[in-house]
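Structure, as structure tokens:
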Amino acid sequence: MTTPDLFAEPAAQPEQLRMQELRAQLHHHAHQYYVLDAPLIPDAEYDRLFQELQALEAAHPEWMSPDSPTQRVGGKPLDQFASVRHAVPMLSIRTETDTESSGAQAFDARVRRELELKDADPAVEYVAELKFDGLAINLRYEQGVLVQAATRGDGETGEDVTQNIRTMGQIPLRLPSGVPSVLEVRGEVYMRRDDFEALNERQRQRIAQGEKGEKTFVNPRNAAAGAVRQLDPAIAAQRPLSFFAYGVGEVSNGKPGDSRFATHMELLQTLKKWGFPVVAQVDTAQGAPELIAYHQRIGAMRDQLPFDIDGVVYKVNSIALQQRLGFVSREPRWAVAHKYPAQEQMTTVLGIDVQVGRTGKLTPVAKLAPVFVGGVTVTNATLHNEDEARRKDVRVGDTVVVRRAGDVIPEVVSVVLPADKLEAGRGPLFTMPRLCPVCGSAAVREEGEADYRCTGGLFCSAQRKQAILHFAQRRAVEVEGLGDKLVEQLVDAGIIHTLSDLYRLGLTALAGLDRMADKSAQNIVQALEKSKLTTLPRFLFGLGIRHVGESTAKALAKHFGQLNAIMDASADALQQVNDVGPVVAQSIHTFFQQPHNREVVEQLRACGVHWPEGDPATDGPKPLAGKTFVITGTLPTLGRDAAKDLIEAAGGKVSGSVSKKTSYVVAGAEAGSKLDKAQELGVPVLDESALLEMIHGRT
Ligand code: IVH
């Protein structure tokens, strides 16, 4: 007989085992959902498991555990945050001031000099990462359990924000077995752009409903920082925060000095394996040329990322070399931030104009004190429409945040109101004029539309100018040299009334214009002559039919082959075309029902504008006929346009939003809400290779 061991744990009860099992399952599903964006079970099933655990925990508080998934939001509001002294200081990164490629070169040259490398020595290997625009957090795990989360603060001492960070689904509360007994993971808490927009929308509704103390946020960074430093964890829990890991602080595995990682890349891969989100766009780079290539590649895709970055970060990959390089005043010599030009700046609103577009749309435009943003000097920024202008409450004299991202038209993001600015001291709220500011015709806002439109049609000189410029642009029939200044003069002088008047322009009329040399007049006449031979899609697009962009024009031309067939098609017949829904079909049909539009076409033809006409499309097998696809995220090899072209060539349709009618969602990296929607509606999800298999019939 053995003596009973008084110190042995009592045998676990079935309910206790069930609780452990539920916690493990819920941790796993939370990781699938929040980190991998690939849920394995429906939300309702997750909720059921969660509730079962909650009930067991209520019945057995003695078996409660702080790392339980039920304990993410548990804490009470705080009066203030406790301060935390970091075990290992949280450093900052030196910023390369030069935003050009030479920034990467300067860094590589410094590293090589510090390492005393000769020109003949091989390239230094780096890891290139994104520089997230959020705030740095240190997550401390002891025995695999999250025990503390702290802000960076001054680098030595930060604030204890554990309660708030625990509410973030992307942050593991417990790590797999085998992790170091003390592990500090460092990374950035940020807010995705779509989450930020949705949050601000909710905030606006709260404000509209008269809730006190609510405000909208200026940008995702501020919203994220506000949420992390929120004293009430229940409020923090409602803020959609995300996280990317990029480094470690204290790491111990009982053997001091035993560094676990040989390279930074290995560290990132291990963090990923342990359940932390690591951004997909990390890469190794050999020497300056590959750093430059990375900087350019990320710069080109910056606006497609679902979150803000303000640059990229280069880090020496070898940890041994990092240690040899060491630090200068809180900044490691082995890392540098290489920025991009800022996409947001502040400036002053000098006035608000209303511009009339090609289709009569009235757009309020803020006239700004010139400001350098997104690489250019901006003096105008769109306010989109009356509702937007009023919602943002932009007024003359206000200080505003202006954003220019990529090729997108600069826009006013928000007004920055100093706390002491009184309503009485501000200009009046913007109101859209009820008459077109150019031609004086009535401006109307149709039911359910955000835009006011001038009803003047081609009587309105602003619409006429835009219609001509649209027709003459490079992507339409292309009349080289016919720019806005020239069109402005031609219309204002009454020389041109309709599109076909363009082709009646003679040298004398042109040469009589302001600042028009004989040579330039000749060039325009030649360009007009050259533009007469065009293609059906370009001509159709050039007509400026509402809702008919380049790709619709191409699809129409391909389907019908000839212009007359399109002009005489019923709305139903038009809907048979790829990508053409009821609204677009109606718009095309209505356009060609107008005698004056048919006349414009006839006159242009009479002036000699022509194109090769073809037969209605009847080519090749159409494996995707009748199927509608939605593309989301970044596909590994195909660009979005290429994927769209392939689907369309195989007879499928591509749509922008997921609905019950969607046949498949094609998802790549960083797929977001569309993927969620597909899962919610039970729409099958394909990856790029599955799509290609469907198209090429390979298995
Ligand atoms: S590493 C030893 N990596 O930049 C270097 N920081 O000045 C420690 N940041 O506030 C930082 N993206 O929050 C690192 N991929 C990245 C980063 C990154 C953004 C922020 C970090 C810190 C600042 C460093």
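The values are calculated or read from the model by the stated rules, or taken from the named source; none is laboratory data. Model, not experiment: these values are computed from the prediction. Cβ sites come from the backbone with ideal geometry, for glycine too, and all protein chains shown count toward neighbours.
Every residue in the range 488-504 that is farther than 22 Å from A606 by Cβ and crowded, with 20+ Cβ neighbours inside 10 Å, please.
None; the set is empty.
Contact list please: Cβ distance under 6 Å, first residue in the range 168-193 and within 18 Å of A227 (Cα to Cα) and polar (S, T, N, Q), second residue within 15 Å of the ligand (Cβ to nearest atom) and outside any loop (DSSP other than H, G, I, E, B), pairs at least six apart or on different chains.
Q170/S242; Q170/F243
Out of everything in the range 319-344 that is surrounded by fewer than 22 Cβ atoms within 10 Å (Cβ to Cβ), within 21 Å of G103 (Cα to Cα) and of a type in the set (G, A, S), what residue ends up being farthest from the ligand (Cβ to nearest atom)?
Among them, the one singled out is A342.
One line per residue, one yes/no per condition, for (1) of a type in the set (V, I, T); (2) at pLDDT below 95:
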site: L268; (1), (2): no, no
site: K272; (1), (2): no, no
site: P277; (1), (2): no, no
site: Q286; (1), (2): no, no
site: L305; (1), (2): no, yes
site: V312; (1), (2): yes, no
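Select from the range 288-314 the residues that are among the β-branched types (V, I, T) and closer than 16 Å to Y190 by Cα and write down the one among them that is surrounded by the most Cβ atoms within 10 Å (Cβ to Cβ).
Within the range 288-314, the match that is surrounded by the most Cβ atoms within 10 Å (Cβ to Cβ) is V312.
On the basis of being of a type outside the set (D, E, K, R) and either within 16 Å of the ligand (Cβ to nearest atom) or within 23 Å of the chain's Cα centre (by Cα) (or both), does V376 make the cut?
Details: of a type outside the set (D, E, K, R): yes; either within 16 Å of the ligand (Cβ to nearest atom) or within 23 Å of the chain's Cα centre (by Cα) (or both): yes.
It is true that V376 is of a type outside the set (D, E, K, R) and either within 16 Å of the ligand (Cβ to nearest atom) or within 23 Å of the chain's Cα centre (by Cα) (or both).
Scan the range 332-371 residue by residue and report those that are of a type in the set (A, V, I, L, M, F, W, C) and over 30 Å from A104 (Cβ atoms).
V349, L350, I352, V354, V356, L362, V365, A366, L368, A369
Suppose we filter the range 194-211 for residues that are free of Cβ contacts under 8 Å to residues at least 24 places away in the same chain, of a type outside the set (D, E) and not in a loop (DSSP other than H, G, I, E, B); how many remain?
Final tally of qualifying residues: 7.
Being outside any loop (DSSP other than H, G, I, E, B) and modelled with pLDDT of 90 or more is true for just one of A509, A462. Which residue is that?
That would be A462, the only listed residue that is outside any loop (DSSP other than H, G, I, E, B) and modelled with pLDDT of 90 or more.
Against the definition (surrounded by 19 or more Cβ atoms within 10 Å (Cβ to Cβ), away from the ligand (no atom under 16 Å from the Cβ) and among the aliphatic types (A, V, I, L, M)), how does V179 come out, yes or no? Steps first, answer last, please.
Working: surrounded by 19 or more Cβ atoms within 10 Å (Cβ to Cβ): yes; away from the ligand (no atom under 16 Å from the Cβ): yes; among the aliphatic types (A, V, I, L, M): yes.
Answer is yes for this residue.
Okay, residues lined up against (1) in contact with a strand residue (DSSP E or B) (Cβ under 6 Å, 6 or more places away or on another chain); (2) surrounded by fewer than 14 Cβ atoms within 10 Å (Cβ to Cβ); (3) β-branched (V, I, T); (4) assigned to a strand (DSSP E or B):
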residue	(1), (2), (3), (4)
E57	no, no, no, no
L78	no, no, no, no
F81	yes, no, no, no
T99	yes, no, yes, no
E116	no, yes, no, no
D121	no, yes, no, no
I137	yes, no, yes, yes
D154	no, yes, no, no
E159	yes, no, no, yes
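If you take just the helices (runs of 4 or more DSSP H) that sit entirely in the range 566-609, which of them hold at least 2 residues that are at pLDDT below 90?
Once the helices (runs of 4 or more DSSP H) in the range 566-609 are filtered for at least 2 residues that are at pLDDT below 90, what remains is 595-606.
Return the residues of the range 121-144 that are within 34 Å of the chain's Cα centre (by Cα) and away from the ligand (no atom under 16 Å from the Cβ); say none if nothing qualifies.
Within the range 121-144, V124, E125, R140, Y141 qualify.
List the number of the failed condition for V88; all other conditions in (1) surrounded by fewer than 15 Cβ atoms within 10 Å (Cβ to Cβ); (2) in a loop (DSSP other than H, G, I, E, B); (3) of a type outside the set (S, T, N, Q); (4) more than 16 Å from the ligand (Cβ to nearest atom) hold.
(4)
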